[in-house]
Amino acid sequence: MKTAQMGVTRPARKLLNRSERMKDEVYRQMFRLEESRPGAEVGLALALLRAWLGEGSKLGNDEERDWLKKISTICLEMIEASLRTDKSAGPCAQ
């Protein structure tokens, strides 16, 4: 009986863990971009794409969808600002 109960609760835990992992990855990439790490723009864009793909598979709920819409706007602004800064900086003097 215990295994049957575990099988019933496992999908909900798995969804929660997947959602939390997705959020953690997006936040981690945002911090990398704030630290001006090389390739952080691409890492953040990929994390957002993975999050939207996960949302498209109907695994998310309304709260997750709202979070994703809000955070995507912030992330896109961060990426664009970073790209503008990189272009205006020009080559580094050595």
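The values are calculated or read from the model by the stated rules, or taken from the named source; none is laboratory data. Since the structure is predicted, the reported quantities are computational estimates derived from the model, not experimental observations. Cβ sites come from the backbone with ideal geometry, for glycine too, and all protein chains shown count toward neighbours. Calculation scope for accessible area: heavy atoms of the full protein, side chains included, ligands and nucleic acids excluded. Shrake-Rupley method; radii C 1.70, N 1.55, O 1.52, S 1.80 Å.
A few notes on this one:
- Meets criteria (modelled with pLDDT of 95 or more and not hydrophobic (A, V, I, L, M, F, W, C)) for Ser36: no
- The residue list Leu68, Leu44, Leu49, Leu33 contains one member that is open to solvent by 40 Å² or more (accessible area, probe 1.4 Å) and of a type in the set (A, V, I, L, M), which is Leu49.
- Any hit, the range 83-90, residues being surrounded by 11 or more Cβ atoms within 10 Å (Cβ to Cβ) and either out of contact with any helix residue (DSSP H, G or I) (no Cβ under 6 Å at 6 or more places or on another chain) or at pLDDT below 75 (or both): yes
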